[in-house]
Amino acid sequence: MGGMSLPCLNLADLGTGHPETKAAPCSLIHETMADVMTQGLRDALEAERAIEPASNLRISWEELLEDARRCTRCGLYQYATQTVFGEGPLDASIMFVGEQPGDQEDLAGRPFVGPAGALFDAALEKAGIDRSTVYVTNAVKHFKFVLRGKRRIHNRPDAGEITACRWWIEHERELIRPPLTVALGATAARSLVGKVVTISKVRGEPLRLADGSECWVTAHPSSILRAPDEEARREGRRLLVRDLRLIKARAQELAWNR
Ligand code: URA
């Protein structure tokens, strides 16, 4: 796909600015972090390349990644450290889609490496899913936050930001063509399905996406972390593992019939 060109819209054209964070300083600290994290991302890519030789698919994916790193399709790029793109094998039979990178993901340049990632990893392990065999990405590729003192507090992406970022997830899905996609939470479900989805109504059964593949919707790991008490968190983890077991079984079925 030599030089796949992905037109990037201007923030001003889209009118999807990010007023809550307009005051956030684009400090030198960010530049220093970006340098470090870019190295982290390079290391992750190198590690993946070592186990997966270059193919046309990989080259196309890396071009997409490069384009995504320069994304200005909405205003979020102005405040985040870097684009956090998806990662994992390009022939994965399951693609997990989260909401947006959190504070730690923004710094590391990798999805689900913070507290929500730890809960996600533990649930995957309990369900018997090896994270290194699945592709993990987010509906929105830049961290959206509000500053409280020095802390960057997660701020949910709005409909305009989710829509602007569908460009990337759709291209990721076009390349990877996962037979089964998992929406972790309502933002991911909205991005994938194109409309508001109530998790409790669709949980545990597949939805059909426009390309004919299956989309399963389950809770976002952060929503479990935010549950009011330990009992609610335990129940949240149990239901997530239950969903992941169903998802694993279904992905195996789909792979056999491929
Ligand atoms: N939450 C998400 O939705 N994605 C991440 O990568 C981390 C936390």
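In what sequence, highest mean first, do 223-230, 180-187 appear when ranked by Cβ atoms within 10 angstrom? Kindly include the intermediate steps, with their values, before the conclusion.
Values: 223-230: 12.9, 180-187: 24.6.
Packing order, densest peptide first, comes out as 180-187, 223-230.
Modelled label-to-label distance, Glu235 and Gln78, 7 Å Cα→beta-carbon offset: nm?
Going by the 7 Å Cα→Cβ label model, 4.3 nm.
Once phi is turned into θ = phi - 60°, what whole-Hz ³J(HN,Hα) does the Karplus curve with 6.51, -1.76 and 1.60 give for every residue of segment 232-237, x standing for Gly and Pro?
My calculation for segment 232-237 gives 5, 5, 4, 5, x, 5 Hz in order.
What is the fewest-to-most order of Tyr77, Tyr135 by other Cβ atoms lying within 10 Å of their Cβ?
Ordered from fewest to most neighbouring Cβ atoms within 10 Å, Tyr77, Tyr135 come out as Tyr77, Tyr135.
Can you tell me the order of 193-200, 121-128 when each peptide is scored by its average per-residue count of other Cβ atoms within 10 angstrom, highest first?
Top to bottom by mean Cβ count within 10 Å: 121-128, 193-200.
Return the long-range amide H neighbours of Val182 (sequence gap of 5 or more, or a different chain), with a cut-off of under 5 Å between placed amide H atoms.
Close amide H contacts, sequence-distant or interchain: Met95, Phe96, Val97, Trp216.
Dipole size in debye (nearest 20) for segment 68-132 around its Cα centre, Lys and Arg Cβ +1, Asp and Glu Cβ -1?
Charge dipole of segment 68-132: 260 debye, to the nearest 20.
Given a Förster distance of 35 angstrom, what is the FRET efficiency for Ala54 paired with Ala118, based on the Cβ-Cβ distance and rounded to 0.05?
Approximately 0.65, to the nearest 0.05.
Using the Cα centre as the reference, give the magnitude of the dipole from point charges on the C-beta atoms of segment 107-163 (Lys, Arg: +1; Asp, Glu: -1; all else neutral), rounded to the nearest 20 debye.
Dipole size: approximately 400 debye.
Set the Förster distance to 45 Å, then compute FRET efficiency between Glu253 and Val146 from the Cβ-Cβ distance, nearest 0.05.
0.55
Where a ≥ b ≥ c are the square roots of the eigenvalues of the C-alpha gyration tensor, would you call segment 162-201 rounded, which needs a/c under 1.5, or, failing that, prolate if a/b is larger than b/c, or oblate?
oblate
Here, each number is a calculation from the coordinates, and none is a lab measurement. In this text, all values refer to a predicted model and were calculated from it rather than measured experimentally. Quick reminder, even Gly has a Cβ in these numbers, built from the backbone with ideal geometry, and neighbours come from all protein chains shown.
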